[in-house]
Amino acid sequence: MINYFIPLVVIIIIIYGIYKKIDIFDTFIIGVKEGMKLSINLFPTIFAMIIAITMITDSGIINYICNLIKPLFIKIAFPTEVIPLAILRPISGSSSLVVLNDILTRYGTDTLIGRLASVMQGSTDTTIYIISMYFTSVGIKKIRYSLIVGLLADLLSVIISFIMVNIFFN
């Protein structure tokens, strides 16, 4: 059934276009041209994000930051094993999935650390990626407040994840 969904949608669009007397092929070509322009405009941003994420993950700066703030998290009884996930999640979804997989493999899914990592992964977002992609695509240059609010929302999500996991699973 699922294999027929996309062809069915295409057929419905074609029938609707014929019904409305729209030149379907020319409209399709115009859409492809607009999509190509958007792709070309977004490419430098995507390329810069890939380079930045690779540099951040390969340089070891995440481990340095984690070691720097680890004493603070130990004082508040926050599992330090999930700090890399909390730092990487706003930057890169794929990198944070790798960290989540490592946490779940190492500590298990039914542990406090595994549950906290899972809830954090689901409740935070790739803020920097979203801002760079979506704002670039519509031409917004001033992102300061959006970035601050997005990162604060991610921080709040990490804090609430910690609280909720402790309430429900501890």
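Reachable lysines from Lys21, Cα under 23 Å, same-chain residues fewer than 8 places away excluded? Within the straight-line limit of under 23 Å, Lys21 reaches these lysines: Lys33. Taking 26 Å as the straight-line reach from the Cα of Lys142, the lysines in range (excluding those fewer than 8 positions away in the same chain) are Lys37. Once the Cα-Cα distance is subtracted from the 0.36 nm per residue extended length, the Met164 to Ile61 segment shows a gain of 34.2 nm. Pick out, from Thr127, Leu112, Val99, the residue whose Cα sits farthest towards the positive end of the charge dipole of segment 93-157, with +1 on the Cβ of Lys and Arg and -1 on the Cβ of Asp and Glu. Going by the charge dipole, the pick is Thr127. In this simple spin-label approximation, Ile130 and Thr54 carry label points 7 Å from Cα along the Cα→Cβ vector, and these lie 2.7 nm apart. In the full protein context, segment 1-116 carries 73 Å² of accessible surface per residue, based on a 1.4 Å probe and ignoring ligands, DNA and RNA. Would segment 1-62 count as rounded, prolate or oblate if I go by the C-alpha gyration tensor, calling it rounded below 1.5 in a/c and otherwise prolate when a/b exceeds b/c, oblate otherwise? Note, shape of segment 1-62 comes out oblate.
For Leu155 and Ile12, the difference between the fully extended length at 0.36 nm per residue and the C-alpha to C-alpha distance is 47.1 nm. Centroid-to-centroid, using Cα positions, segment 145-170 and segment 111-135 are 10 Å apart.
In segment 6-158, Rg over Rh equals 1.14, where Rg is the alpha-carbon radius of gyration and Rh the Kirkwood radius from pairwise Cα distances. Summary value for the chain: 20 percent relative contact order, contacts being C-alpha pairs under 8 angstrom separated by 6+ residues. If a/c stays under 1.5 just call it rounded; otherwise compare a/b with b/c (prolate if a/b is bigger, oblate if not). Do that for segment 91-170, with a ≥ b ≥ c from the square roots of the Cα gyration tensor eigenvalues. Oblate, because a/c is 1.5 or more while a/b does not exceed b/c.
Projected label points at Arg144 and Asp102, each 7 Å from Cα along the beta carbon direction, are separated by 3.5 nanometres. Solvent-accessible area assigned to carbon and sulfur over the chain amounts to 72 percent, based on a 1.4 Å probe.
Based on alpha carbons, the Rg and Dmax found for segment 51-120 are 12.0, 35 Å.
The values are calculated or read from the model by the stated rules, or taken from the named source; none is laboratory data. Please read these numbers as outputs of a predicted model, since none were measured by experiment. As a convention, Cβ positions derive from the backbone with ideal geometry for all residues, glycine included, and neighbour counts pool all protein chains shown. For accessibility, only protein heavy atoms count, side chains too; no ligands or nucleic acids. Shrake-Rupley method; radii C 1.70, N 1.55, O 1.52, S 1.80 Å.
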